[in-house]
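**Q** My structure is below; once you've seen it, I'll send some questions.
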Amino acid sequence: MSQDIYVLIEHLRGQVAELSYTMLAAGRELAQGAGGNVVAVLLGHNAKELGKDFAADKVLYLDHALLADFTSDAYQKALADLIGKDQPRAVLFGNSSIGADVASVLSMRLDLPLVSSCRSFTQDGKFVSQICGGKIMAEGELPGPTALVTMVPGGYQPDQGRSAAAPSITEAPVPALEALRVALSKYIEPETGDVDISKEPLLIAVGRGIQNKDNIELAENLAQAIGGVVCGSRPVIDQGWLATSRLVGKSGKHVKPKIYFAMGISGAPEHAEAIMQSDTIIAINTDPKAPIFDVAKYGVEGDIFDLVEVLTEKVQQAK
Amino acid sequence: MNIIVLAKLVPDLVEELTIDPGGAALDLTFARWIINEFDDHAIEQGILLKERGGGTVTVLVPDLDGADDVLFTAAAKGADRLIKLGGDFNGVNNHALARAFAAVVKELQADLILTGVQAHDDLDGSAGPLLAECLQMPYVGYVSGVSINDGKSLLRKEYPGGLLAEMEVTTPAVLGIQAAEQPPRYVAVSKVRQAMKTSSIEEQDASSLDPCGGPTVGRMFQPEAAAHATMIAGSPDEVADKLVDLFKELGVL
Amino acid sequence: MPIRETFWNIPHWAEITQYILAFVTVVVFLYGVGRRVLRWRQGQPDATRRSGHFWRRIWSLVTQVLAQRRTLDETYPGIMHFTIFWGMLVLAVGTALATVDWDVTHLIFGFQFLTGWVYIVFELALDVLGLLVAVGLGMAIYRRYVTRPARIQDFPARSLAWDDLYVLVMLAFITLSGYLTEGLRIAVTQPDWAAWSPIGNAIAAAFLALGDPANQTLHLIVWALHVLTAFGILASLPFTKLFHILSVPLNIYFRSMQPAGALLPARGDGGVKEWKQFTWKQLLDFEACTRCGRCQDVCPAHVSMPAFSPRNMMVKLETHLWAKANGQALHGDVVSAEELWACTTCRACGQVCPAFIDHIGAFVDMRRHLVEQGEMDNLLQKALMNLGRYGNSFGQSERMRAKWTQPLQPPINDARKTPVEYLWFVGDYASYSPTLADITQKTAQVFQRIGIDFGIMYDGERNAGNDVRRIGEEGLFEILVEKNNQALSKCNYQTIITTDPHTYNTLKNEYPWNGNRPAILHTAELLDQMIASGRLKFKRKLDYKVTYHDPCYLGRYNDVYDAPRRVIAATGCELVEMLRHGDRAFCCGAGGGRIWMEEKKVEERPSEARVREAAALAGVQTLVVACPKDVTMFRDAVKTTGSEARLVVKDLMELVHEAL
């Protein structure tokens, strides 16, 4: 039994997920209140070095050939053993393809309470979960003795979960991983070719306000700087300025990126409907009454040409 | 092959959500209950498996307004057996739901249990993995493609960024469906009506509803209404600065 | 006395042979016709009454078959067909008379009626009308093989080109051989009255030099060929496109006498999967198609997707009926889903079809099958699911339906609680589309200013279902009708008004009112009445030069053409008509549920073609519409065609609001 906050690090093929850093930052907030340590829990095989930029007090490293790639069964077994023995105050998982496969099962197996879709913690250690498509927040006491929590991004800066000083890494014992029922056969790479805008997390969208084909380049530059993909509304695609695969709207794709940055898009309902599921819409338009501002979370009234180049520059500087 | 699909009903987000006077729960008096979107995919995936390899599809739904609709629609798509689980499911959490489902599913000799990977009102994990553990079955979620043969299920699991993993799971197993191999099909109203005439719903009572394992909510609230965009004003330079800050805040920089 | 021995120069054996051949011809003809009739009878019974209205039906035959009214709508093809039709008719009747004269009255009763001046007139008529046929055929040959308009090209089946050629060759040959027979006869007999056959006489002159025995032999040969051709034509009639001579009058006779806006209900569940599930009348429709292609020329779907044409659909369906079991499925092999979804149900095809074919009825029946199979694009599927769940295609809560009323003072009556004179059925687009809220509010203000006692049904209203039905989702249509009827039954009102022609159409023509149909008015009609009665007076006189787009479901489907024009005139605007107006108005492309579907890559959008048409009118700055969907479609098209500086799209209500 401890007041430590364990954070399950998610990694795939040598790459640690951004969400894990967000969770380390969240873990810090929680640990400060509880008076414990932030412990990053890293499961893998020959993957020790992944832990060197974790903003954690300690890294518990579980090494096993069967933990080289994520499989729910092996992770569940290893973690059940660890959590059962250590009994930390809380274990944070990503509400993701890795964390969500594990957390619920552990809750039942270990008879521990589970909170999902947590976005942040209050200073006094309450969880704040985001449900109903972000329309409702639910707040409550973090249940005990050990709370399992799955986390969504947005509440903390991932940067706060990084640290220049490498934490101490302790190897922890791995229980026998026998009779596993889930096995990885292979990875399948995303299809190459043009991007699938419905799956892109960051979209720079251009509308009629972009005025001509040459200006698409401005959007491309911004997209490149910020790591997004350019897409457009119908008039832009009609003009042949962007490929049809980049069309957002009634006749194109419905998208749900984390950020939808709409430039010169008035926000006709057909378009608005297709972007409704975006986490955050930011819109620039010269018309303050443009309906896009009714769906956008943030708006800028103004000319895109005044702004885009400055913004691109500043984004590059900020990186 | 015996495929079981569990479907949950969730409040329709199209309707304006309100918090009940107690302040700690949704006011569901006027809620429109609709099938959880991912569960709809699970049903579709079940039907696709049946169409490809034969077998039966049984659909289980907790008894809430709209449960019959969900079941008959599933029957119109090709589900063979419809089970409605009786009990007071209003505001019941996934732990309770999973335990109640488990009691029923145990009797059904399932080869594969499919359910939606998540639901928008999940606050204590998702029903699929909770159920899997109750039944001592393996669980894989975020699945977008399934085939089954020889006591094993070969599936595709989605990771962020479009990466897929092909995994092998021994059956019986529970799979959390992210997306069926094809979008849920449309069923004509006439077909649903036909199903109402030709299929029947079995009603079974949930033995008990044990919510243990879920959190207690102290307060529910709506995040500040975003009726209109928060306008960022200033010179292009200032606006750009603010946008950069915003990008950082949103975690993209 | 002028008289003719009908079988002059014809040996007795040839005459006998002719009658044997005639018998064979009749047998073949009857077999062919019987085969067609039996095929029609394999179709389903038809819910519409095809009998009744006897005199109206006969009158249709007079105007459309004898007077060729629709055929004459187009000058060149009209004259072409009219001359061939009347020429051949007279020649055929003339030949029959001559035969009767000789082999019935003369043979049996020993008297001839084709004598004296009657015979002279007879000869002259045949001689001249034969020329008419020649002129018509000349026009036809020139058109088919020289000018070659796209719409009569032989697609989709190559073999049809032979059918076309066969008919022209046979008609040309029978005309030519007829004249030659006549000319040779005159050359030999040289009767006094030869001048009454000017053309025959002229031909005779050319043969005079040949001398007698040669001409007599030649006459016999040509006569024999003429007879063979005639029998050939008659025998082949049920097997070639000549069959339209029978099928078109039948199709015109049996046409629906119901309002154009009342779609035939689905027969059972599942629509048409195989051709035998069409009704007998639909099978007759397919066989009545002459491939004239007028429908294709006016079809908006053909503009956006050239592979689709109502003509080709009819041709493919007709061919399919006669294809020996070749394993081809109606859906997929014969007709593609893409084609079926292309139709906007604008009814321009049905409006111009000289054979009165109901293309759309067949398309919707086949769509019903697609819906049953769930074969549709994702957006349409979403729209239908929304309509099923929320009663609107926007996927919004019914509680938001009247959100547009919020800024209005005084608030609008809830017709379910307060008795009103006019019940305003607002419709989906006018209620939910944010871009249309302004127009909807102005509509309410106009009513308030006129002092109309009106109300709406707030969240009780559902999509009226016009386009749901035309998508082929009959079950959903029935649910929507039921829900609207429930709400309507709670209201106390005299007249239903709506700005939406689609709603207007289905309420007026398809809702089951059980004999108590209230008055249903489109707002253009309402305003027109108010202007006529003096209740609506304008303060301002607008001086715009405008053009007006007739919505399909207001114009073609319900014949409301004048009311909106009178309202426009009353506002002081000058109306300039587009070339395609009234019943020839070109659809915006949104109808029949098209507005809910994904837009595939298109050749040209109908809405854009329409906007260009309007923008090309000298001095016209405003395109006036009377349908909420038109506002959406055309405002979009104005942007995509870059016509913002040239043209503004205004709803009729905006015009009225401005002039108040």
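Read-outs: derived from the displayed coordinates by stated rules, not from any lab. This structure is a prediction, so every number in the text was calculated from the model and none was measured. Here Cβ is always computed from backbone atoms with ideal geometry, including for glycine, and neighbour counts include all displayed protein chains.
**Q** Which FRET efficiency value, to the nearest 0.05, do you get for A:Lys199 and B:Ser147 by plugging their Cβ-Cβ distance into 1/(1 + (r/R0)^6) with R0 = 25 Å?
**A** 0.65
**Q** Let me ask something additional. Rank the residues C:Lys541, C:Lys403 as a footprinting-exposure proxy: fewest other Cβ atoms within 10 Å of their Cβ go first.
**A** Ascending number of Cβ neighbours within 10 Å: C:Lys541, C:Lys403.
**Q** Using only the Cα atoms of region C:1-53, what are the Rg and Dmax in Å?
**A** 20.7, 60
**Q** Consider all pairwise Cα distances in region A:96-193 and report the whole-number % of them above 18 Å. Numbers along the way, then the final one.
**A** Details: 3165 of 4753 pairs.
When all Cα pairs of region A:96-193 are counted, 67 percent exceed 18 Å.
**Q** Looking at this model, which pairs from A:Lys58/A:Lys297; A:Lys199/A:Lys319; A:Lys256/C:Lys273 are more than 30 angstrom apart at the alpha-carbon?
**A** Those over the limit are A:Lys58/A:Lys297; A:Lys256/C:Lys273.
**Q** Run a plain Debye calculation on chain A (Cα atoms as equal point scatterers, no solvent) and give log10 I(q)/I(0) at q = 0.07, 0.12 Å⁻¹, rounded to two decimals, same order as the q list.
**A** Computed log10 I(q)/I(0) values: -0.35, -0.89.
**Q** What is the pair-distance distribution P(r) of region C:207-252, computed from all Cα-Cα distances in 10 Å bins starting at 0, with each bin given as a whole percent?
**A** Going from the shortest bin to the longest, the percentages are 24, 29, 20, 16, 10, 1.
**Q** A further question follows. Run through all the Cα pairs of the protein assembly as shown and give the fraction in each 20 Å bin from 0, expressed as whole percent.
**A** P(r) for the protein assembly as shown, in whole percents per bin: 10, 31, 30, 18, 8, 3, 0.
**Q** Which value in Å does the Kirkwood hydrodynamic radius of region A:1-100 take, with 1/r averaged over all unlike C-alpha pairs and then inverted?
**A** In region A:1-100 this quantity evaluates to 13.3 Å.
**Q** Expressed in nm to one decimal, what extension gain is obtained for the pair C:Val576 and C:Gln328 from 0.36 nm per residue of sequence separation less their Cα-Cα distance?
**A** Between C:Val576 and C:Gln328, full extension yields 84.3 nm more.
**Q** On each of the three principal axes of the Cα atoms of region C:393-533, give max minus min coordinate, whole Å, ordered largest first.
**A** 40, 34, 26
**Q** Now for a different question. Identify the residues of region C:179-196 with backbone N under 17 Å of a label point that sits 7 angstrom from the Cα of C:Ala14 along the Cα-to-Cβ direction, or state none.
**A** C:179-190
**Q** Can you work out the FRET efficiency for the pair C:Gln258 and C:Phe54, with r the C-beta to C-beta distance and R0 = 22 Å, to the nearest 0.05?
**A** According to the calculation, E is roughly 0.85.
**Q** Name all residues of region C:526-548 having a backbone nitrogen under 17 Å from the label point set 7 Å from the Cα of C:Gln448 along its Cα→Cβ direction, giving them as ranges.
**A** Under cut-off, by backbone N: nothing.
**Q** Tell me, what is a quarter of the convex hull surface for the C-alpha atoms of region B:1-113, in nm² with one decimal?
**A** 7.2
**Q** Within region C:1-58, report the chymotrypsin sites (Phe, Trp or Tyr not before Pro) that DSSP leaves as loop and that have at most 14 other Cβ atoms within 10 Å.
**A** C:Trp8
**Q** Right, something else. What do you get for Rg/Rh over region A:39-85 if you use C-alpha atoms and the Kirkwood form of Rh?
**A** Rounded to two decimals, Rg over Rh is 0.96.
**Q** Next question. Given only helices, namely DSSP H runs of n ≥ 4 each adding -39500 (n - 2.57), what is the per-residue ellipticity at 222 nm of the protein assembly as shown, to the nearest 500 deg cm²/dmol?
**A** Working: 40 runs with 495 residues, N = 1232.
Counting only the DSSP helices, I get -12500 deg cm²/dmol.
**Q** So what's Rg/Rh here for region C:53-251, counting alpha carbon atoms and using the Kirkwood radius for Rh?
**A** On the Cα set of region C:53-251, Rg over Rh gives 1.01.
**Q** Can I ask one more? How do A:Glu200, A:Glu189 line up, fewest other C-beta atoms within 10 Å first?
**A** Arranged by neighbour count, lowest to highest, A:Glu200, A:Glu189 become A:Glu189, A:Glu200.
**Q** What distance in nm separates the two pseudo spin-label positions at A:Ala166 and B:Lys242, each 7 Å out from Cα along the beta-carbon direction?
**A** Going by the 7 Å Cα→Cβ label model, 4.4 nm.
**Q** On average, how much area does the Cα convex hull of region A:190-319 cover when viewed from any direction, in nm²?
**A** 7.3
**Q** Take the Cα atoms of region A:5-171, build their convex hull, and give its volume per residue in Å³.
**A** Working: hull volume 16.9 nm³, N = 167.
That works out to 101 Å³ per residue.
**Q** In addition: Equivalent-ellipsoid semi-axes (√(5λ), Cα gyration tensor) for region B:142-253, whole Å, largest first?
**A** The equivalent ellipsoid of region B:142-253 has semi-axes of 43, 25, 21 Å.
**Q** Ranked by Cβ crowding within 10 angstrom, fewest neighbours first, how are B:Ile232, A:Ile188 ordered?
**A** So the residues, fewest neighbours to most, are A:Ile188, B:Ile232.
**Q** Sticking with this structure for a sec: Could you give the spread of the C-alpha atoms of region C:236-311 along their three principal axes, from largest to smallest, in whole angstroms?
**A** Principal-axis extents of region C:236-311 (Cα, largest first): 39, 31, 27 Å.
**Q** How high is the FRET efficiency between C:Leu107 and C:Leu38 when r is their beta carbon distance and R₀ equals 45 Å, given to the nearest 0.05?
**A** Given R0 = 45 Å and the Cβ-Cβ separation, E is 0.80.
**Q** Could you work out which residue, out of B:Ala102, B:Ala180, B:Ala188, moves most in a Gaussian network model of chain B, that is, has the largest mean-square fluctuation with Cα springs under 10 Å?
**A** Fluctuation is largest for B:Ala188.
**Q** If a helix is a whole DSSP H run, which ones in chain C reach 30 Å or further along their own axis (Cα) and hold a mean Kyte-Doolittle hydropathy of at least -0.5?
**A** Membrane-span-like by this rule: C:12-41, C:75-100, C:116-142, C:159-189, C:212-236.
**Q** Could you pull out every residue, at least 5 positions away or on a different chain, whose amide H is within less than 5 Å of the one on A:Gln157? Hs are placed 1.01 Å off N in the peptide plane, and Pro or chain starts have none.
**A** The answer is none.
**Q** Mind checking region C:274-380 for GluC sites (Glu not before Pro) that DSSP puts in a loop (not H, G, I, E or B) and that have at most 12 other Cβ atoms within 10 Å?
**A** C:Glu274
**Q** Turning to a different aspect of this structure: Over region C:170-328, with a single point scatterer placed on each C-alpha, what log10 of the ratio I(q)/I(0) does the Debye formula yield at q = 0.11, 0.13 1/Å?
**A** -0.68, -0.79
**Q** While we're here: Once you put a point 7 Å from the Cα of B:Asp65 and another 7 Å from the Cα of C:Ala214, both along the Cβ direction, what distance in nm separates them?
**A** 10.1
**Q** Give the residue from C:Ser643, C:Ala260, B:Leu13 lying farthest towards the positive end of the charge dipole for the protein assembly as shown; charges sit on Cβ (+1 for Lys and Arg, -1 for Asp and Glu) and the dipole is referred to the Cα centre.
**A** Among C:Ser643, C:Ala260, B:Leu13, the one farthest towards the positive end of the dipole of the protein assembly as shown is C:Ala260.
**Q** Beyond 37 Å, what share of the Cα-Cα pairs of chain C is found? Please give it as a whole percent. Intermediate values should be presented prior to the final figure.
**A** Details: 102114 of 217470 pairs.
The proportion of pairs with Cα distances above 37 Å equals 47 percent.
**Q** With unit charges on the beta carbons (Lys and Arg positive, Asp and Glu negative) and the dipole taken about the Cα centre of the protein assembly as shown, which residue among C:Leu321, C:Gly32, C:Ala22 sits farthest to the positive side?
**A** Checking the options against the dipole of the protein assembly as shown, the answer is C:Ala22.
**Q** Loop-only check: which trypsin sites (Lys or Arg not before Pro) in region C:284-353 are DSSP coil with at most 13 other Cβ within 10 angstrom?
**A** Taking region C:284-353 and a limit of 13 other Cβ atoms within 10 Å, the loop trypsin sites (Lys or Arg not before Pro) found are C:Lys324.
**Q** Another question, if that's okay. Region C:165-243: Rg/Rh from Cα coordinates, Kirkwood Rh?
**A** Using only Cα positions, Rg/Rh for region C:165-243 is 1.08.
**Q** One-quarter of the Cα convex hull surface for region B:2-205, in nm²? It would help to have the intermediate numbers written out before the result.
**A** On the way: hull surface 46.6 nm².
Average projection, Cα convex hull of region B:2-205: 11.7 nm².
**Q** Further question: Taking each pair of distinct Cα atoms in region C:8-106 once, what is the resulting Kirkwood hydrodynamic radius in Å?
**A** 17.6
**Q** So, one more: In a GNM of chain B with a 10 Å cut-off on Cα contacts, which of B:Asn149, B:Asn93, B:Asn36 has the highest mean-square fluctuation?
**A** Highest fluctuation among the options: B:Asn149.
**Q** Follow-up question, since we're still on this one. Using only Cα atoms and rounding to the nearest 10 degrees, what angle (0 to 90) does helix A:216-226 make with the longest principal axis of chain A?
**A** It works out to around 20 degrees.
**Q** Evaluate the distance, in nm, between pseudo-label points positioned 7 Å from the Cα of C:Ala519 and of A:Ala243 along their respective Cα→Cβ axes.
**A** 6.0
**Q** What full-extension length gain, to one decimal in nm, is calculated for C:Thr75 and C:Glu604 as 0.36 nm per residue of separation minus the Cα-Cα distance?
**A** Taking C:Thr75 through C:Glu604 to full extension adds about 187.7 nm, to one decimal.
**Q** What is the log10 of I(q)/I(0) for region C:258-372, computed with the Debye formula using one identical point scatterer on each Cα and no solvent, at q = 0.09, 0.11, 0.23 Å⁻¹?
**A** Cα-only, vacuum Debye calculation for region C:258-372: -0.21, -0.31, -1.53.
**Q** Hey, another quick one. For region C:545-659, take N as its residue count and report Rg(C-alpha) divided by 2.2 N^0.38 Å.
**A** For region C:545-659, the normalised Cα radius of gyration is 1.00.
**Q** Right, here's the next one. For region A:5-171, with the dipole built from +1 on Lys and Arg beta-carbon atoms and -1 on Asp and Glu ones, taken about the Cα centre, which of A:Gly140, A:Gly27, A:Asn37 lies farthest toward the positive end?
**A** A:Gly140
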